[in-house]
Amino acid sequence: MHGTIFTLLKRYVQTQYDHSTWVKLVQLSGLESGDFSHKEVYPDEHIYALVGHAAEMTGIPAGELHEKFGEYLVPDLMYMYQKYINPDWRTLEMLENTEHSMHGQVRREHPENSPPVLDVKRLNENEVVINYVSPRRMGGLAVGIVRGLAVYYDEADLIDVLPTTSEDGERVQIHVRRN
Ligand code: HEM
């Protein structure tokens with residue numbers, strides 16, 4: 001997994017909890033260091049261990065933590081990849097374009113990057129359906145990112161995010177509707 005995701009997880013834990021919580025998580029997860037470079041790719045097992053221990057420590061289920069963390073990621077991801085974003089896009093257009101635009105760029109950056117495949121269909125002006133496919137089983141993160149995008153575009157009151165499958169499978173379907 002991309003080092004940026006680890007760096008943002010670290011900042012998330014430090015701001016929502018505190019620095020000593022982060023240090024504890026790193027120790028419990030058996031990691032040598034709690035610092036990550038945005039140019040490196042780290043084993044997925046590290047993110048599972050960090051989130052798993054965070055769930056145990058906080059009593060918040062891992063799926064829910066993935067969602068919260070997904071929401072938190074959005075402003076930074078939008079900032080980092082702003083040159084691939086069309087300023088006319090809103091939440092639904094952003095979703096329609098993530099696969100070839102942002103995730104496409106992530107794939108080009110590093111041969112080991114492997115963002116999930118997002119098959120996004122626009123059903124009509126106000127609805128899209130996202131088919132998430134990834135062996136990482138991080139559909140909760142996807143749901144959180146969609147919610148975060150709605151907040152980013154100031155459409156949180158208008159956008160409903162409805163997972164229509166379980167969020168922890170390799171294939172997750174998410175229905176998004178603008179009211
Ligand atoms: C600003 C737009 C976005 C950017 C810049 C972005 C960027 C990234 C990056 C850098 C990764 C790490 C990939 C890796 O380590 O191989 C990632 C993973 C991920 N992205 Fe995105 N993403 C964006 C939008 C989205 C959206 C809209 C969704 C879902 C609807 C999504 C779902 C995910 C998930 C679930 C992962 C975790 C890895 C996995 O499940 O396999 N992303 N993304």
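Distance cut-off 25 Å, Cα to Cα: go down the list Lys10/Lys121; Lys83/Lys121; Lys39/Lys83 and report the pairs above it. Walk me through the numbers before you get to the answer.
Working: Lys10/Lys121 33 Å; Lys83/Lys121 23 Å; Lys39/Lys83 18 Å.
Lys10/Lys121, as the Cα separations exceed 25 Å there.
State in Å² the accessible area per residue of the stretch 1-113; use a 1.4 Å probe, count heavy atoms of protein chains only, and round to the nearest integer. Show your work: numbers first, answer last.
On the way: 6130 Å² over 113 residues.
Accessible area per residue, the stretch 1-113: 54 Å².
So, with a 1.4 angstrom probe, what is the percent of accessible area on the chain that is carbon and sulfur?
Working: 4820 of 9450 Å².
Carbon and sulfur: 51 percent of the exposed surface of the chain.
So for the pair Met80, Arg122, with labels modelled 7 Å out along Cα→Cβ, what separation do we get in nm?
Reported label-point gap for Met80 and Arg122 is 2.7 nm.
Starting with the highest mean, order 152-165, 4-17 by the number of other Cβ atoms within 10 Å, averaged over the residues of each peptide. Provide the component values of the computation, followed by the final result.
Working: 152-165: 14.4, 4-17: 17.7.
Listed from highest to lowest mean packing, they are 4-17, 152-165.
Per DSSP helix of 4 or more residues, -39500 (n - 2.57); summed, then divided by the residues of the chain. What does that give at 222 nm, rounded to the nearest 500? Each step should come with its number before you reach the end.
Working: 7 runs with 88 residues, N = 179.
Calculated at 222 nm, the ellipticity per residue is -15500 deg cm²/dmol.
Take the alpha carbon atoms of the stretch 99-154, find their center, do the same for the stretch 21-53, and report the distance between the two centers in whole angstrom.
Going from one Cα centre to the other spans 23 Å.
Can you tell me which aspartates and glutamates have their Cα less than 17 Å from the Cα of Lys68? Leave out same-chain residues fewer than eight positions away.
The reachable aspartates and glutamates, counting only those whose Cα sits under 17 Å from Lys68, are Asp18, Glu56, Asp76, Asp160, Glu167, Asp168.
Identify which of Ser134, Ser114, Ser33 has the largest mean-square fluctuation in a Gaussian network model of the chain, with springs joining Cα atoms closer than 10 Å.
The residue that fluctuates most here is Ser33.
The values are calculated or read from the model by the stated rules, or taken from the named source; none is laboratory data. Treat the numbers as computed from the prediction; the structure is a model and nothing was measured. Glycine gets a Cβ as well: all are built from the backbone with ideal geometry, and neighbour counts include every protein chain shown. Note: areas computed on protein heavy atoms with side chains; ligands, DNA, RNA excluded. Shrake-Rupley method; radii C 1.70, N 1.55, O 1.52, S 1.80 Å.
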